[in-house]
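Engineer: Have a look at this one before I ask anything.
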Amino acid sequence: LGDESTTRHNNNNDLPSGRQKIFVVMISLLLAALTIVVAAQAQECTVCLDGSPLSDQGKAKPVTLPGYEAFVQNCGNLELLAPLQQQGGDLCNLVQSISSYCGCPESDDIDENACRLCGDNESVPDVSFNQVVPDYQLSFTLGDQVLPALCGLIDAELKSTSYGHLEGSKECQGARDQAAATCCGEDETPGNVFDPGDKEKEQEGETPTSTEAPCSICRVEGEMLYPERNISSSLAGVGLDWYLDLGLSTTCQSFSTLVAQTLGSENPDCADAQLLGGVCGCPAVENPCRLCTKDDDEITDPDRIIYLESDYYFSCQDLNETMSQLDKDERTCLEARYINHLCGCEQVYLGADTESKQAFLSWVPRVTATLSLIGSILILQDIIKQSRRGQTNQGRRGGRQ
């Protein structure tokens, strides 16, 4: 009986108590909630709050955003830019605030008594959307970027849940007094329209022309193996740190998408972007460069920064992967291989990448040195002979006298 009682007691200890069950359930619910929050934070932004795509008519509507003038000229560009942002970010919120202008249904969160710039549930006429209202100051923010007071943005702000006001409020009436005359008229002739060119947004050749193919970071067509790899630390090394200033996602896929939208294949920045193709896992070119010439060589210091004469700089790991996008005879390839020993490769003597070339280069100075030595001995021998002849001639002259 004693043994049976002890066994039963031990079995009861193995069973979770009521408190333990509650604790396990609470932990499970907490983890589930955290998973939902993380998933929501990681959700991509869309122009329309309900995720619906824009119509062709909506895509064609002209619009721009400060700081993104080179990339956004219409709602269609906004639709391409939005997925590079996370839901809930400043830029995503700004894009969604003007989504009704692009043809999206208005958010259910907008109060039915919200202030509208043009009154009576009227939207700002399309022709006035990009007009600037002088001396009007928006509360909308985009990081530390000052937003221009466009009619469309004023209307979006007035009815927004974060900065908006109700119909009949003094703020609503004050906004109408200042902006309605400019924004709500039926005149089809636009007034002071926001011009991105005023900010010197473009340099010559910055965007592709209709006859120029878009830039691809992969020199050879094929699948990108590492679309989610973060390349933020690699962009500055190839002179593309301007991309970081945009505040966009720095994955290979996001970078590739924006490059294709904004750069032509003949743009110098395109060639720089293609140097990162190897880092992103693009297919190698036909005759690719190799940083280390021997198969058994390894990169022993992958994080070391290497500076090239062409003003590029890479970590040894990035440099090794970049080589797949360079032809073996390209200058950048030759520069890298000249200093490849800094990354752990066996140093190649004067660029000789085969044993026969290395043997030839090692024997050339030996042969030339031997020939030089023989030549020097012959010259010295000739000098000695001439010296002896001179002494003999002098002796003969002295005997005759």
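Engineer: With respect to the numbered conditions (1) open to solvent by 40 Å² or more (accessible area, probe 1.4 Å); (2) in contact with a strand residue (DSSP E or B) (Cβ under 7 Å, 6 or more places away or on another chain); (3) modelled with pLDDT of 80 or more, which one is the sole condition not fulfilled by Val193?
Structural biologist: Every condition holds for Val193 apart from (3).
Engineer: For Ser123, all conditions in the list (1) buried (at least 21 other Cβ atoms within 10 Å of the Cβ); (2) at pLDDT below 80; (3) closer than 21 Å to Ala179 by Cα hold save one; what is the number of the exception?
Structural biologist: (1)
Engineer: Report yes if Cys280 is open to solvent by less than 50 Å² (accessible area, probe 1.4 Å), outside any helix (DSSP H, G or I), under 30 Å from Asp90 (Cα atoms) and in contact (Cβ under 8 Å) with a residue 12 or more places away in the chain, otherwise no.
Structural biologist: Judged against the criteria, Cys280 is a match.
Engineer: So, Ala213, is that one modelled with pLDDT of 75 or more and under 30 Å from Glu321 (Cα atoms) or not?
Structural biologist: So Ala213 passes the test.
Engineer: Quick test for you: out of Leu291, Leu275, pick the one residue that is of a type outside the set (D, E, K, R) and within 25 Å of Trp242 (Cα to Cα).
Structural biologist: Matching residue, one of Leu291, Leu275: Leu275.
Engineer: Which condition number in (1) open to solvent by 40 Å² or more (accessible area, probe 1.4 Å); (2) at pLDDT 80 or above; (3) over 30 Å from the mean Cα position of the chain (by Cα); (4) not polar (S, T, N, Q) is the one that Cys115 fails?
Structural biologist: (1)
Engineer: Need at least 1 residues that are at negative phi and modelled with pLDDT of 80 or more per element, so show me which helices (runs of 4 or more DSSP H) inside the stretch 1-94 make the cut, counting only ones lying wholly within it.
Structural biologist: Filter on the stretch 1-94 gives 56-59, 75-81.
Engineer: I've got another one for you. What are the residues in the stretch 316-334 that are farther than 13 Å from Leu275 by Cβ and in contact (Cβ under 8 Å) with a residue 40 or more places away in the chain, if any?
Structural biologist: Once the filter is applied, which keeps residues that are farther than 13 Å from Leu275 by Cβ and in contact (Cβ under 8 Å) with a residue 40 or more places away in the chain, the stretch 316-334 yields Lys328, Asp329.
Engineer: Confirm whether Gln317 is under 18 Å from the mean Cα position of the chain (by Cα) and under 19 Å from Gly222 (Cα atoms).
Structural biologist: Answer is no for this residue.
Engineer: Of everything in the stretch 298-322 that's in a loop (DSSP other than H, G, I, E, B) and open to solvent by 60 Å² or more (accessible area, probe 1.4 Å), which residue is nearest to Glu335 (Cα to Cα)?
Structural biologist: Glu309
Engineer: Run Glu335 past the list (1) touching a Cys at 6+ places or on another chain (Cβ under 8 Å); (2) not hydroxyl-bearing (Ser, Thr, Tyr); (3) not in a loop (DSSP other than H, G, I, E, B) and report the number of the one that doesn't hold.
Structural biologist: Going through (1) touching a Cys at 6+ places or on another chain (Cβ under 8 Å); (2) not hydroxyl-bearing (Ser, Thr, Tyr); (3) not in a loop (DSSP other than H, G, I, E, B) one by one, Glu335 breaks only (1).
The values are calculated or read from the model by the stated rules, or taken from the named source; none is laboratory data. Remember, predicted model here, so these are calculated numbers, not experimental data. Here Cβ is always computed from backbone atoms with ideal geometry, including for glycine, and neighbour counts include all displayed protein chains. We work out accessible area using only protein heavy atoms, side chains counted, and drop any ligands, DNA or RNA first. Shrake-Rupley method; radii C 1.70, N 1.55, O 1.52, S 1.80 Å.
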